[in-house]
Amino acid sequence: KIFQAVVSCVGYDGTIYIIPKSLEMALEKLMTKIQNDFKCLGVQEPYCWKKGQACVVRGSDTRWYRGKVVELGGDTLEVQYIDHGCTERIPQCHLYPTTLYTGIPPFCIPCQLYKTVPMGHFWQQDAIVCLQDILANEEVEIHVQELPDNPWGKLSVKLYFGGVSLSSFMACQKYCVAEDCEDTLKLVRFLLEGHVPGLPSYMLPSLPPSGETFPVRVTHLVSPKEVYICLDSSKDPMKQAATEGRTSCDSEGLDKALKWFNKSVESLPLVTNFQKGMPCLVEYQDGLWYRAKILSIEESDPFNILVQFVDFGSFLVVSRSRLRHIPVYLLKYPVQAVRVLLAGFKPALYDKNEKRIPYAPEWSMEALWAMMEHVEGKQLSAYILAVSPEVTISLYDDENLVHMKLIEVGLADLDE
């Protein structure tokens with residue numbers, strides 16, 4: 001059986017607790033019922049707790065959760081949140097004994113990696129930290145391999161995140177031995193496949209047909225007239241339903257895959273053979289790695305490379321140490337940013353502002369800043385006028401053309 005799940009917790013022994021996506025709504029429904037049933041404080045008087053006893057626990061977010069006492073001792077008890085897997089020492093005043101929900105099985109499933117043996121036959125502390133960093137609250141794909149001998153045992157699974165086998169990744173990091181050697185070799189090829197002869201390339205996104213209005217965000221401005229937009233189908237339920245089956249167009253899937261590779265970026269080799277147009281991962285100023293392509297190489301001292309971040313449209317000059325080979329898996333997602341020209345306006349004939357855009361001197365810097373102020377961070381609408389020779393659109397904020405704000409203050413003229 002294969003299903004999607006969210007990792008709720010990684011235990012100190014390496015047990016991976018998952019909540020199937022199909023059960024999330026039922027869990028939230030139960031949580032709502034628990035909050036409605038328990039309006040009281042925890043036990044305020046001495047109480048004789050027993051190991052294994054069912055209870056509800058007031059969490060740090062003040063919500064009540066189903067729990068089970070796993071260890072006794074003093075004023076605090078070790079309690080497991082049975083629907084999430086994590087354990088915590090809790091003051092008795094934050095617990096309340098109950099048998100109300102004992103007929104409902106736990107929503108989380110304890111799992112172990114199939115045919116994967118940790119170094120020393122138990123997960124070392126640094127391996128646990130690695131697992132927690134990679135998996136906590138992340139959506140993963142579960143391939144069930146073996147059922148446990150008893151209902152409370154661990155499910156043996158192959159776990160995939162961003163298309164990569166977790167067992168293979170941990171084996172490459174020397175945290176364990178994966179008995180399925182073919183899987184490990186597949187990961188090594190997977191990580192290095194960007195180094196094959198023949199330059200791979202990004203896929204271009206599918207644009208809506210001409211004459212259709214659709215939601216967008218502006219991700220980068222070259223000039224008031226030339227911008228990069230990102231289609232935002234999440235704001236349009238009809239578009240979202242129409243594209244639900246096309247995972248290659250799923251920007252959420254790209255975000256998750258990038259998050260995975262950011263956690264394992266040291267596994268990816270640095271780029272050494274620089275070629276114009278070459279896809280790569282580039283470290284941005286925030287310390288994270290994003291998809292990019294090489295635009296030009298300046299063979300000077302220091303050696304600098306001009307890159308463009310394909311999912312935003314922005315440009316950056318970086319040193320060679322900030323470029324790594326991109327896994328081929330990340331090429332299956334189309335670029336998110338599309339270069340477009342905005343129709344309906346042109347540079348103001350009598351714009352007296354002396355500061356001009358160096359690469360587009362027909363426009364003043366004042367016009368660029370004004371356009372940036374009107375579009376940055378906003379949910380806008382686009383209407384495609386033409387796709388050839390260049391994608392040309394009208395851009396709206398609500399029902400108003402964005403460029404009219406520049407015309408009103410004399411920074412642009414109407415262009416019939």
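The values are calculated or read from the model by the stated rules, or taken from the named source; none is laboratory data. Everything quoted here is computed from the prediction, not taken from an experiment. Cβ sites come from the backbone with ideal geometry, for glycine too, and all protein chains shown count toward neighbours. The accessibility values were calculated without ligands, DNA or RNA, using every heavy atom of the protein model including side chains. Shrake-Rupley method; radii C 1.70, N 1.55, O 1.52, S 1.80 Å.
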Verdict on Y65 being closer than 28 Å to W123 by Cβ, modelled with pLDDT of 95 or more, touching a Ser or Thr at 6+ places or on another chain (Cβ under 7 Å) and open to solvent by 10 Å² or more (accessible area, probe 1.4 Å) | no
Within the group G211, G198, G253, G277, which residue is among the small types (G, A, S), modelled with pLDDT under 80 and more than 23 Å from D133 (Cβ to Cβ)?
-> G198
Do the conditions hold for Y65, that is, is it outside any strand (DSSP E or B) and in contact with a helix residue (DSSP H, G or I) (Cβ under 9 Å, 6 or more places away or on another chain)?
-> no
Test for V10: is it within 25 Å of the chain's Cα centre (by Cα), crowded, with 19+ Cβ neighbours inside 10 Å, aliphatic (A, V, I, L, M) and under 25 Å from N137 (Cα atoms) = yes
Selection within the stretch 161-175 - open to solvent by 50 Å² or more (accessible area, probe 1.4 Å) and either without any contact (Cβ under 8 Å) to a residue 24 or more places away in the chain or not in a loop (DSSP other than H, G, I, E, B) (or both) | none
Among the residues listed as R291, R324, the single one being without any contact (Cβ under 8 Å) to a residue 60 or more places away in the chain and within 21 Å of M203 (Cα to Cα) = R324
Give me the pairs: first residue in the stretch 355-366 and in contact (Cβ under 8 Å) with a residue 24 or more places away in the chain and of a type in the set (F, W, Y), second residue open to solvent by less than 100 Å² (accessible area, probe 1.4 Å) and assigned to a loop (DSSP other than H, G, I, E, B), beta-carbon distance under 7 Å, and six or more apart or on different chains, which are they?
-> W363/S223; W363/P224
Qualifying positions in the stretch 134-154 - closer than 15 Å to I2 by Cα and surrounded by fewer than 18 Cβ atoms within 10 Å (Cβ to Cβ) = E139, E141, H143, V144, Q145, E146, L147
Working carefully through the options Q112, Q80, find the one that is open to solvent by 70 Å² or more (accessible area, probe 1.4 Å) and in a strand (DSSP E or B).
-> Q112
